[in-house]
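The values are calculated or read from the model by the stated rules, or taken from the named source; none is laboratory data. All figures in this text were calculated on a predicted structure; none of them were measured in a lab. The area values use the complete protein model at the heavy-atom level, side chains included, leaving out ligands, DNA and RNA. Shrake-Rupley method; radii C 1.70, N 1.55, O 1.52, S 1.80 Å.
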Amino acid sequence: GIIDTNNEFYEINSKLFNDHPNLVKYEVGKLFAGLTSKIVNEHLYAQPNAQGTRDVFDQKTLYGMVECTRDLSRVNCMNCLNFLIREFLDSSYKMRGGHAICGSCYVRFEFHHYF
């Protein structure tokens, strides 16, 4: 039940998104905020569906998911996700996709369907 944000691991799509990096960061942040809200109000997992996708510039679809370990409370899940999302976006917002994981939660975004 304790948040574990140690041993973070990031894997990022190596192609840069040169067109609009700040817009990418904004859109990915909005996507993650919606998914985090869904997790806190429902389950500890949210995947691409009506709330897990966003249509962004040039008619590209952005896909995302977030997940927490089952031992976390909803508040701790939200705190873990907010920490990981903030760290992830600060380091990877110019990329076309990627994921981040720590001991208690996981986030992912891509510009292609990955399921």
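Computed values, structure above
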quantity	calculated
Fully extended contour minus Cα-Cα distance, from N6 to T61, at 0.36 nm per residue	16.7 nm
Residues with amide H under 5 Å from that of D4, placed H, sequence gap 5 or more	S104
J(HN,Hα) series, segment 75-83, from Karplus relation 6.51 cos²θ - 1.76 cosθ + 1.60, nearest Hz, glycine and proline x	5, 5, 4, 4, 5, 4, 4, 4, 4
Rounded accessible area per residue of segment 73-115, 1.4 Å, Å²	44 Å²
³J(HN,Hα), Karplus 6.51/-1.76/1.60, whole Hz, each residue of segment 98-110, x for Gly, Pro	x, 9, 9, 9, 9, x, 10, 8, 9, 9, 8, 9, 8
